[in-house]
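Nothing in this text is a laboratory measurement; each read-out follows from the coordinates by a stated rule. Values in this document were obtained by computation on a predicted structure and should not be read as measured data.
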Amino acid sequence: MTPPAGDRDPAHIPVRVLLCDDHAVVRAGLLALLSSAPGIEVIGEAGDGEEAVALAAALRPDVVLMDLQLGSGIDGIEATRRIAGLAGREAEREGECDDGREAGRDVERDVAGRGAAGRGAAGRGAPGRGAPHVLVLTTYDTDADINRAIEAGATGYLLKAERPEELFSAIRAAAAGRSTLSAPVAHRVLAQMRSPRPGLTDRELDILGQLARGLSNREIARALFISEATVKTHLGRIYDKLGVDTRAGAVSVAKEQRLLP
């Protein structure tokens, strides 16, 4: 059993990890794998995004190992966003409690009570010390998934094809607040930085959606109340932005990058 944070030597405190994956077999495999890694302790498992957020708030792990596709409910991106926002919500609650305590009459008892609460919190994972770091562990390496995860607050992005030693190293790095990216992910991020493509406009997304339904240029024009010439112009811009030259290619890339519902 892990001793309370206040009674442990910081140099020997294990990294406390929460697993989130909707496949029980995958979680069992990760649990067995991480149990063999020195200095890493799995303190909980979640099978969906909502459960991951709730356990992250209750257990306050150092790192949440997060899959992106989680079946029904919120996905890994939204779960990451909510977990990354835990520190802000904790600060708001502490501020509200402080306001209430200032209105109390017994200041000395109030201060003593807060001190005792702080000591108890340390043994529960130290809420208020910041949100857990989220390390994405997934099979998906599309530009859209990577960008959404990073924007949601993920500290690192790892692919499930990585070697165990790389996973252990990434978990320890995430616990320290350092970013880790799998080599293919880092390559894609650098490629985007070197030659970023402009995003699609709302009108272009509308046309792309009609394109995915298999409509012709004439049918798209009628559906959106624009001319066929305007449709052709927008299609040319969509092809350029997605790096394709066919209708099928545009739909395929749009689905890969999750530009379509």
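One table, with the values for the structure above:
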read-out: Phi-based couplings in Hz for region 41-48 (Karplus 6.51, -1.76, 1.60; Gly and Pro marked x); value: 10, 7, 10, x, 9, 10, x, 8
read-out: Phi-based couplings in Hz for region 13-21 (Karplus 6.51, -1.76, 1.60; Gly and Pro marked x); value: 6, x, 6, 8, 10, 10, 8, 9, 7
read-out: Interchain or long-range residues, amide H under 5 Å from Gln257's placed H; value: none
read-out: Backbone HN-Hα couplings from phi across region 176-187 [Karplus 6.51/-1.76/1.60, Hz, Gly and Pro as x]; value: 8, x, 9, 7, 9, 10, 4, 3, x, 5, 4, 4
